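*Asks:* Handing you a structure now.
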Amino acid sequence: RFRFRFRFREQIRGTYFSIFQDETKRIILNNSPHTTITTFENHKKTFLEIYFADLVSCIKQTLVIHLHEMCAFVRRTTLLVHILFSILYVSSCHAFGIFQSSSQSTSSFKKHYKKHLKPLHATWSNGQAVQEYKDFLSSGRSEVERLSDRSSVIVANPEIEYPLVDAILSMGLRSEKKDVIVRYDDLTLPNEVDGQTSFPIYIAIPPWQLASFLDNLSPSWMERCDDFVYFSGGLCGVIEPVLRKRGMARDATTQVDVHGFTMPGKGQAPQDISANFGLDAQGEDKYTGETGACGKWCGAIAERLENNFIRCRTGFYREWRRWMWEMAAYDVVFNLVGSVRGEPTNHKQVALYYDEEASDMLWQIANNLRGYLAVTLPYGFEERVYEYAERNGEDMPCHLSTAWYEFTIEPFENSQMVCEYVTYAQQECGWLPDMQLKDSVSRFVLKESKQRQGNLRSDGVI
C-alpha cells in the first residue's frame with residue numbers, strides 16, 4: 001500500500017496569511033464600521049479564491065511526484081526481475097554449453113532496457129498569480145471605479161465592414177450619445193466630443209490590424225492610451241499577446257469580452273445572449289455568456305450595454321482575464337472539434353454529441369493556462385461553456401480560418417490535443433489550405449476515430 005500525505009508548503013502558506021492579516025488590519029483602520037464588513041467580505045472571497053487555487057495546484061504537483069515515484073519503483077522492480085531471470089537463463093545456458101557471447105546481443109540488451117528508462121517530467125508553478133494579488137492589495141482598491149457613459153470616439157477602418165462598429169454606434173444612439181468615427185490611420189484625435197474632454201476611445205478594428213495600429217501611433221494618440229477600449233472574444237479574437245508585447249495589458253487598460261451580445265450589422269440593435277441557468281450551491285444565480293469589462297472605462301461600457309438590455313459584469317483585470325480565457329478556450333475547442341467532422345457541424349451539436357472530446361480538450365487547456373499564463377479558470381467553467389453552446393450554438397457553424405488563426409488557435413498551441421486536431425483538420429479535412437503549420441504543431445498526428453468518420457449521433461439523424 002502507498003499512503004499519500006498532501007502538505008501545503010509552509011512558506012507559501014505563511015506568505016498568504018501574513019498578507020491576509022496585514023490587509024485585514026488596513027481594512028479595519030481605514031474604513032467606517034458600516035463599510036468594514038462589506039469590504040472585508042469582498043477581500044476574504046478574493047483571498048480564498050487565490051489561496052485554494054494555489055493549494056489545488058500544489059496538491060496536483062505532489063500527486064504527480066508520488067505517481068512518478070511509484071512508476072519508478074515499479075520500473076526498478078521489473079528491471080531487477082528481468083536481470084534475475086537473465087542471470088538464471090545465462091547460467092543454464094552455460095551449464096548446457098550453448099551460451100555464446102556477442103556484441104550484437106549486448107547491444108540489443110542495452111537498447112531494450114534503455115527505452116524503459118525515461119526521465120521524470122518536471123513540475124513547476126507560476127508565481128504571477130501571487131504577484132497580481134499583491135499588486136491588487138497594494139492598490140488599496142476593494143471595488144471597481146465606474147465612470148458614466150458619454151459620447152465617445154470610435155476608431156475604425158471604413159474599408160472593412162466590421163460589425164463591431166455598427167454595434168457600438170447603435171447602442172450609443174439608443175442613449176442619445178453623439179459618437180464620432182475616426183479613421184484608424186488618422187494622425188489627430190478630437191480634443192473634445194459633445195463638450196467632454198475626457199471620453200472613451202473604442203478601438204474597433206480587426207485584430208490583425210491592431211499591432212500595426214499600435215506601432216504607428218502619433219504623439220497625440222499616445223497621450224490618450226489610457227482611454228483606449230479594446231475588444232476580445234468571438235470575431236475580435238485573443239489580443240492579449242499583442243497588448244502584452246507593448247506593455248498595454250494592465251489594470252488601467254479597458255478591455256471588453258464580446259461573447260454576451262450579437263452583432264447583426266447596420267440597422268439592427270445587438271441582443272443579449274447571456275442566460276441564467278439555475279442556482280449555485282450558495283443559492284446565487286448562475287449565468288453563462290455574460291459580457292465582461294475591466295479597466296478605466298468599464299463603468300461606461302456596462303452602462304451603455306445595460307441601457308440596451310445587455311447584461312455586463314465589471315471587475316479588476318486579473319478577474320477579467322479568467323473570464324476572457326474561459327470563452328477563448330470555448331472558441332477554439334468547439335470550432336476544432338466540430339470542424340473535423342464529415343458533415344457541417346455547429347456548436348450546439350458539438351455540445352450534444354461530441355462532448356467527451358470537447359471536455360478532454362477543455363481540461364487540457366485549463367491545466368496549461370495555469371502553468372503558462374498563471375490563469376486559473378473559474379470553478380464550473382465546463383458547465384458554463386456547454387450551456388452557452390446549447391443555447392446559442394445552433395447559429396454558430398464550426399469553422400477554421402487562416403486569417404483568424406493567430407488570434408484563436410495560436411494562443412493554445414501548447415496543448416497537444418489542439419495541435420493534433422489542427423493537423424488533422426488541415427491534412428484530412430481541407431481547412432487552412434494556404435497555411436504552413438509550425439513544426440511544433442504538425443508533429444502531432446491525430447489517430448483515426450470511428451466516431452469521427454461514421455455517424456454515431458444518438459438522435460439518429462443522418
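The values are calculated or read from the model by the stated rules, or taken from the named source; none is laboratory data. Being a predicted model, the structure only gives us computed values, none of them experimental. With ideal geometry, Cβ positions are generated from the backbone for all residues, glycine too; neighbour counts draw on all protein chains shown. Accessible surface is based on the protein model in full, side chains and every heavy atom, while ligands, DNA and RNA are left aside. Shrake-Rupley method; radii C 1.70, N 1.55, O 1.52, S 1.80 Å.
*Asks:* For Phe334, are the conditions met, namely being of a type in the set (Phe, Trp, Tyr) and open to solvent by less than 30 Å² (accessible area, probe 1.4 Å)?
*Replies:* Considered against the rule, which asks whether it is of a type in the set (Phe, Trp, Tyr) and open to solvent by less than 30 Å² (accessible area, probe 1.4 Å), Phe334 comes out as yes.
*Asks:* For region 145-168, what are the residues that are buried (at least 18 other Cβ atoms within 10 Å of the Cβ) and closer than 25 Å to Glu223 by Cα?
*Replies:* Those that are buried (at least 18 other Cβ atoms within 10 Å of the Cβ) and closer than 25 Å to Glu223 by Cα: Asp149, Arg150, Ser151, Ser152, Val153, Ile154, Val155, Ala156, Leu164, Val165, Ile168.
*Asks:* Within region 72-90, which residues are modelled with pLDDT under 70 and either among the hydroxyl-bearing types (Ser, Thr, Tyr) or open to solvent by 60 Å² or more (accessible area, probe 1.4 Å) (or both)?
*Replies:* Selection gives Tyr89 alone.
*Asks:* Picking from Phe213, Phe199, which residue would you name as being among the aromatic types (Phe, Trp, Tyr), within 30 Å of Thr402 (Cβ to Cβ) and either open to solvent by less than 30 Å² (accessible area, probe 1.4 Å) or touching a helix residue (DSSP H, G or I) at 6+ places or on another chain (Cβ under 7 Å) (or both)?
*Replies:* From the options Phe213, Phe199, the qualifying one is Phe213.
*Asks:* If a residue has to be touching a Gly at 6+ places or on another chain (Cβ under 8 Å), open to solvent by 10 Å² or more (accessible area, probe 1.4 Å), hydrophobic (A, V, I, L, M, F, W, C) and in a loop (DSSP other than H, G, I, E, B) to count, how many in region 275-331 make the cut?
*Replies:* So the answer is 0.
*Asks:* Looking at region 313-328, can you tell me whether even one residue there is closer than 30 Å to Asp215 by Cβ and touching a Lys or Arg at 6+ places or on another chain (Cβ under 6 Å)?
*Replies:* No: zero hits.
*Asks:* Would you say Thr402 is among the polar types (S, T, N, Q) and more than 24 Å from Val445 (Cβ to Cβ)?
*Replies:* No.
*Asks:* Now for a different question. Answer yes or no: is there a residue in region 260-272 that is aliphatic (A, V, I, L, M) and open to solvent by less than 30 Å² (accessible area, probe 1.4 Å). Working first, answer last.
*Replies:* At the first step, the residues of region 260-272 found to be aliphatic (A, V, I, L, M) are 263, 269.
Pick out the ones that are also open to solvent by less than 30 Å² (accessible area, probe 1.4 Å) and you get none.
No: zero hits.
*Asks:* Report yes if some residue within region 232-244 is open to solvent by 20 Å² or more (accessible area, probe 1.4 Å), among the polar types (S, T, N, Q) and closer than 27 Å to Val333 by Cα; otherwise report no.
*Replies:* Filtering region 232-244 down to residues open to solvent by 20 Å² or more (accessible area, probe 1.4 Å) leaves 234-235, 241, 244.
Remaining after also requiring among the polar types (S, T, N, Q): none.
Within region 232-244, none of the residues are open to solvent by 20 Å² or more (accessible area, probe 1.4 Å), among the polar types (S, T, N, Q) and closer than 27 Å to Val333 by Cα.
*Asks:* Name the residue that is least open to solvent (accessible area, probe 1.4 Å), counting only residues in region 427-448 that are part of a helix (DSSP H, G or I) and more than 30 Å from Arg321 (Cα to Cα).
*Replies:* Cys429
*Asks:* How do the pairs read when you match residues in region 290-305 that are touching a residue at least 24 places away in the same chain (Cβ under 8 Å) and over 11 Å from Gln255 (Cα atoms) with residues anywhere that are assigned to a helix (DSSP H, G or I) and of a type outside the set (A, V, I, L, M, F, W, C), using Cβ under 9 Å and keeping only pairs 6 or more apart or on different chains?
*Replies:* The qualifying pairs are Arg304/Gly172; Arg304/Arg174.
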